[in-house]
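I have placed the structure first, in the form of structure tokens, so that the comments after it can refer back to it.
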Amino acid sequence: MPVEFLGIAATHDGSETTARSGAAFDKEYTLRLARAHEDHGWDRVLFAYGSGSPDPAPAAAYIASRLDRLRILLAHRPNVSYPTYAAKTFATLDQISDGRLTVHFITGGNDHEQGREGDTLTKDERYARTREYIRIVKKIWTTHEPFDHEGEHYRFHDFVSDVFPVQQPRPDVSFGGSSPAAYAAGGAEADVYCLWGEPLAETARQIEEVRAAARAAGRTDAPRIQVAFRPIIAPTEELAWEKAHRTLGAIERRRQTGPVRRHRGGVTQAAAPENTGSRRLIAIAEAGERYDRALWTKTAAATGGAGNSNALVGTPETVAQALLDYYDLGVDILSARGYDLLDDAVDFGRYVIPLVRAEVAKRDAERDAKRDAAAGAGNAAGAPRQPLTAVRG
């Protein structure tokens, strides 16, 4: 099966290790980073969402209008706009990008972060809302006649859009999460299901949970699987691990000296994470520092299980083989971003992506050859035998 690589479309040069050098939306840097991905073999980039961050939709439109091949994964929280409005925004962006859009729907795993933009629903209520929202957006993308909707969270009448996606029948829908409610929602609605990087055994179990949820929803197919990592590469294993520990030190210093986030009332935010995915990352880190071929959990522990935070450490060859281990589980979208966003995107594109693509092509060719040989053997076994008289003449 084909493999795809997803990078990050950051709007400034800050990361967990370094404070940003300019404004939250640095137009020149945003384009430079996206172009580095396009020029070095990446398939798409993620425009992430944060309550106080630059709006990802116009930033994505800016990049789409200036680059020719790079595809876009646009993160969107259903609480921030009505689905009729959002569906038109997405369709317009798909038009601007000539059909290069995928939309990633975020349910939200932190009550405080959701509340910053007026979202007061509980976690289970948010998942129900997200499922309803996705269904509405899909229908708007594919329906050319006015329709009404009477749901638990949304009600409208006689709506029809005048702008439709380039992609037919519609752009893909991406979804993530590690709780039973997330598996149920994403298994039912997602074309792509996104996971954070965990050890191989845990990832295999999550993939089966997603597939089981898809079957329970009555689907005959299953979402494609995406897994995200923080690669730390260097020419030798020793140098890679030295770099990893330098990176860890920078993360810890940044957390100590960076801006303090506070709850209402001025209480410093220090509580354990609410979302299941982050709790899983912390539990995995507490159980062990290194897993499988190259997975390192210290970066996840240092960030409190914040998002995509488990690292793959080693030479390009080691990291490529580690990624192929996930490919063998059924993962065909590999998400990666380093801590120096621009330079790491270039290095990963130069030294890791070609190795993975070459090995995937080799495995696919071997699989196809075996399939063709088996088909040929089956045809030969099923062919009628000639009578002996005919053979003897």
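Remarks
- In this label model, L342 and D221 are separated by 3.9 nm, measuring between points 7 Å along each Cα→Cβ vector.
- Solvent-accessible area per residue for the chain (1.4 angstrom probe, square angstrom): 47 Å²
- Cβ-defined net charge surrounding I207, 12 Å radius [Lys, Arg +1; Asp, Glu -1]: -3
- Every Cα-Cα pair of the range 114-157 was included, and the share exceeding 15 Å stands at 51 percent.
- In sequence order, the range 36-41 has phi-based couplings of 4, 5, 4, 7, 10, x Hz under the Karplus curve 6.51 cos²θ - 1.76 cosθ + 1.60, θ = phi - 60°, and Gly or Pro positions carry x.
- Paramagnetic reach from D39 (point 7 Å along Cα→Cβ, amide N under 11 Å) across the range 335-371: 346
- Accessible area of D368 (1.4 Å probe, protein heavy atoms only, ligands and nucleic acids ignored): about 50 Å².
- Across the range 5-16, rounded Karplus estimates of 3J(HN,Hα) from the backbone phi angles (6.51 cos²θ - 1.76 cosθ + 1.60, θ = phi - 60°) give 10, 10, x, 10, 10, 5, 9, 7, 8, x, 8, 5 Hz, Gly and Pro being marked x.
- Counting every C-alpha pair in the chain, the share spaced more than 31 angstrom apart comes to 41%.
- The range 324-364: Cα Rg divided by the 2.2 N^0.38 Å rule of thumb: 1.26
- With contacts taken as Cα pairs under 8 Å at a separation of at least 6 residues, the chain carries a relative contact order of 18 percent.
- Rounded percent of accessible protein surface that carbon and sulfur make up, the range 98-173, 1.4 Å probe: 45 percent
- Heavy-atom accessible area with a 1.4 Å probe sorts Y82, Y291, Y351, largest first, into Y351, Y82, Y291.
- Unsatisfied cross-links (Cα-Cα over 32 Å) in the set K88/K362; K27/K243; K139/K370: K88/K362; K139/K370
- Coil-residue chymotrypsin sites (Phe, Trp or Tyr not before Pro) of the range 128-235, DSSP, other Cβ within 10 Å capped at 16: Y154
- G177 long-range amide H proximity, modeled H, under 5 Å: C194
- Accessible area of the range 1-97 belonging to carbon and sulfur atoms, whole % at 1.4 Å probe: 50 percent
- Projected label distance in nm at Y154 and A250, using a 7 Å step from Cα toward the beta-carbon: 4.1 nm
The values are calculated or read from the model by the stated rules, or taken from the named source; none is laboratory data. What you see is a predicted model, and the numbers here were worked out from it, not measured in a lab. Note that each Cβ is placed from the backbone with ideal geometry, even for glycine, and that neighbours are counted across all protein chains shown. For the accessible areas, the whole protein counts, side chains as well, though only heavy atoms, and no ligand, DNA or RNA atoms are used. Shrake-Rupley method; radii C 1.70, N 1.55, O 1.52, S 1.80 Å.
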